[in-house]
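The values are calculated or read from the model by the stated rules, or taken from the named source; none is laboratory data. Bear in mind the structure is a predicted one, so any value in this text is a computation, not a measurement. Using ideal geometry, Cβ is built from the backbone for each residue, glycine included, and neighbour counts are taken over all protein chains shown.
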Amino acid sequence: MTVPTPPQSVTVRVPAKVNVQLGVGGRRADGFHDLANVFFAVALGDEVTATPADTLRITVSGPDADQVPLDGSNLAARAARLLARRHGRRPDVHLHIAKEIPVAGGMAGGSADGAAALVACDALWGTATPFGTLLELAAELGSDVPFALLGGVALGRGRGEILEPLPAGGTFHWVFAVADGGLSTPAVFRECDRLRDEAGTGSDTAAVPDPQPDPALLDALAAGDPVALAAALGNDLQPAALSLRPALADTLRAGADGGALGTLVSGSGPTCAFLTKDAESAATVAAALTASGTCRSVRVTHGPVPGATVTGRR
């Protein structure tokens, strides 16, 4: 029997996400919030390449590469250590991250890299970890990491890590406006709580109803209807992101004036997302956003797309 030769490198492509609905419940005793989080994976993504090494090492290229930590706090590094510990081996691997996903932009770029590292290391090391186990490890790394493994469209419950795949009836076209600098996700959640308290509605679980997915949004996704989906887009963190970064309102207005069907802040921001009718409309909205001077850069993409996927071996 011939034993397969281990690969000398494995490359994994992993998508960014946009939350087409982000319903945020009240603050729990542990400080987290229950979510009704409808994730949508888009073709804008990172690539993580794993190669054998004498020790764990991270390198990064691409936009905002200088903002990505290269130490043990990097989610890709944490993923490699977690998988290695599960299989009783050393996490000796060089992980190179080719960045396209904005850093601290509300599109789960760090989480995506963690998911990609799990898949890349598993393939490089030949550990053949069952997908269910990879999902469990992903949930240990962070709330958004399991969806980066799964891709497509899914409803996230709990902190977002309990996933239910959802049907999507077609391709949707998106434009993303990348802001200068990032926003801290914990800071945005704190601001959400503060605004709720300031409004007199309360911010804990006794005051805020459990979030539920919008049936109209789920129907629009299943039907592949961008007009209906645009009407149903929602993000409970958007007021908090706008409170912390008021200039985002100008970006959202520029995209709407440019012809977007729907606009929203992506996740905790500050990246803004614009749903368009088709690819031609996306190009028009992108040009309007670029001309507006309200954002640092503009990305045109589509989805849904699969989660972390091996795209190369050698």
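A few points about this structure:
- Condition met for Leu221 (buried (at least 20 other Cβ atoms within 10 Å of the Cβ) and either of a type in the set (Asp, Glu) or in contact with a Ser or Thr (Cβ under 8 Å, 6 or more places away or on another chain) (or both)): no
- Some residue of segment 85-107 being assigned to a helix (DSSP H, G or I) and either in contact (Cβ under 8 Å) with a residue 60 or more places away in the chain or surrounded by 24 or more Cβ atoms within 10 Å (Cβ to Cβ) (or both): no
- Complete set of residues in segment 252-288 that are surrounded by fewer than 20 Cβ atoms within 10 Å (Cβ to Cβ) and at positive phi: Gly259
- Test for Ala199: is it assigned by TED's automatic domain parsing to the domain that holds Thr294, within 18 Å of Leu264 (Cβ to Cβ) and of a type in the set (Gly, Ala, Ser): no
- Restricted to segment 164-174, and to residues there that are part of a strand (DSSP E or B) and touching a residue at least 24 places away in the same chain (Cβ under 8 Å), the residue that is surrounded by the most Cβ atoms within 10 Å (Cβ to Cβ) is Phe172.
- Here the condition is being closer than 24 Å to Ser143 by Cα and either in the same structural domain as Asp236 (by TED's automatic domain parsing) or among the charged types (D, E, K, R) (or both); of Asp64, Asp54, it holds for Asp64 alone.
- Looking only at segment 111-153, residues that are free of Cβ contacts under 8 Å to residues at least 24 places away in the same chain and either at positive phi or touching a Cys at 6+ places or on another chain (Cβ under 9 Å) (or both) come to 1 in all.
- Neighbours by Cβ (under 7 Å, 6+ apart or cross-chain): first from segment 16-42, touching a residue at least 60 places away in the same chain (Cβ under 8 Å); second of a type in the set (Phe, Trp, Tyr) and part of a strand (DSSP E or B): Lys17/Phe39; Lys17/Phe40; Val18/Phe40; Val18/Trp174; Asn19/Phe39; Val20/Phe40; Val42/Trp174
- Criterion (touching a residue at least 60 places away in the same chain (Cβ under 8 Å) and in the same structural domain as Cys192 (by TED's automatic domain parsing)) met by exactly one of Leu261, Leu248, Leu252, Leu242: Leu248
- Scan of segment 290-314 for residues that are among the hydrophobic types (A, V, I, L, M, F, W, C) and within 16 Å of Val42 (Cβ to Cβ), ordered by number: Val298, Val300, Val305, Ala308
- Test for Gly182: is it assigned by TED's automatic domain parsing to the domain that holds Ala241, within 30 Å of Ala231 (Cβ to Cβ) and out of contact with any Pro (no Cβ under 6 Å at 6 or more places or on another chain): yes
- Residue in segment 205-215 that is outside the structural domain of Val103 (by TED's automatic domain parsing) and either of a type in the set (Asp, Glu) or part of a strand (DSSP E or B) (or both) present: yes
- In the set Val24, Val38, Val48, only one residue is in the same structural domain as Ser143 (by TED's automatic domain parsing), surrounded by fewer than 23 Cβ atoms within 10 Å (Cβ to Cβ) and β-branched (Val, Ile, Thr); that residue is Val24.
- Among the candidates Arg190, Arg194, the residue that is surrounded by fewer than 18 Cβ atoms within 10 Å (Cβ to Cβ), among the basic types (Lys, Arg) and under 22 Å from the mean Cα position of the chain (by Cα) is uniquely Arg190.
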